[in-house]
Structures are given as C-alpha cells and as structure tokens.
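Okay, structure first, notes after.
The values are calculated or read from the model by the stated rules, or taken from the named source; none is laboratory data. Predicted model, so just to flag it, every value in this text is computed and none were measured. The accessibility values were calculated without ligands, DNA or RNA, using every heavy atom of the protein model including side chains. Shrake-Rupley method; radii C 1.70, N 1.55, O 1.52, S 1.80 Å.
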Amino acid sequence: FKAPSRDHPALYRDLLRTNRVHWIAEEPPAELVREKMMECHLRFRHQMALVPCVLTLNQDGSVWVTLVKPARAITPGQFAVFYKGEECLGSGKILRMGPSVYTLQQGKNREQSPKKEDIDKLEPAT
C-alpha cells in the first residue's frame with residue numbers, strides 16, 4: 001500500500017498484537033497478571049518518543065496493545081518495546097495490527113444516519 005501523503009490516515013493505527021512477550025525482570029509484571037491490563041509506554045522505532053498505551057495480556061503470553069492515540073507507520077515484524085517510567089519491561093514482535101484510522105473513518109462515514117434534510121426530501125411533510 002502506498003499512501004498519498006506522509007500523514008495519510010491509512011498510516012495510523014492504535015491497536016496491535018505481539019507474539020509472546022520477552023519480559024526482562026518478571027514474567028509478566030504482577031500488575032498485568034492480576035488486572036489482565038496495564039498502562040505503560042511503547043516504543044517501536046529506535047529513539048522515537050514513548051507512546052502511552054494499555055497492554056491486555058492473552059493466555060498465550062502475547063499482548064494486545066491499545067495506544068492512547070494512533071501512531072504512524074507501525075509495521076509487522078518491528079519490535080514493540082514496553083516501558084514503565086524509565087524501566088524497560090520487555091518486548092514482543094508485532095504480528096498483527098488493528099484497522100487503520102482511515103478504515104475506521106470510512107466505517108464511521110457509512111454508519112452516519114441520513115441527514116434531516118435528506119429525509120424531508122423523501123417524506124414530504126403533511
């Protein structure tokens with residue numbers, strides 16, 4: 001897919017899934033095991049800014065990662081590296097991604113209910 005511009009909504013996603021995460025200190029963090037979800041930060045490119053996210057632990061040790069706001073150019077095969085404060089928690093290879101912002105916008109446009117003036121044209125007022 002070649003997007004028409006660097007900032008095209010098709011390049012932005014806010015959901016991804018990793019393979020089994022390699023945790024550094026504990027396997028996986030106690031909060032994630034207890035709550036099944038955990039807020040932390042993510043980086044998937046060297047030296048990029050940390051992105052706030054929520055991890056959801058899957059039974060196979062993989063995680064779904066929901067970004068607080070969509071990030072650009074997430075690609076399967078990259079590694080998602082997770083941080084809590086300054087501490088690196090671990091990483092997992094990105095396997096799958098959720099729909100792009102563009103796809104989600106297309107869906108929203110289709111779901112919008114007809115406008116009142118369009119309905120008025122179809123049903124003359126009595």
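Compactness of segment 62-109, taken as the C-alpha radius of gyration over 2.2 N^0.38 Å, stands at 1.35.
Here segment 9-96 has 54 percent of its accessible surface on carbon and sulfur atoms, given a 1.4 Å probe and all protein chains in place.
Evaluated at 10 °C with a viscosity of 1.306 mPa s, what Stokes-Einstein diffusion coefficient in µm²/s does segment 9-96 have when Rh comes from the Kirkwood expression over alpha-carbon pairs? Taking Rh from Cα pairs, D becomes 125 µm²/s.
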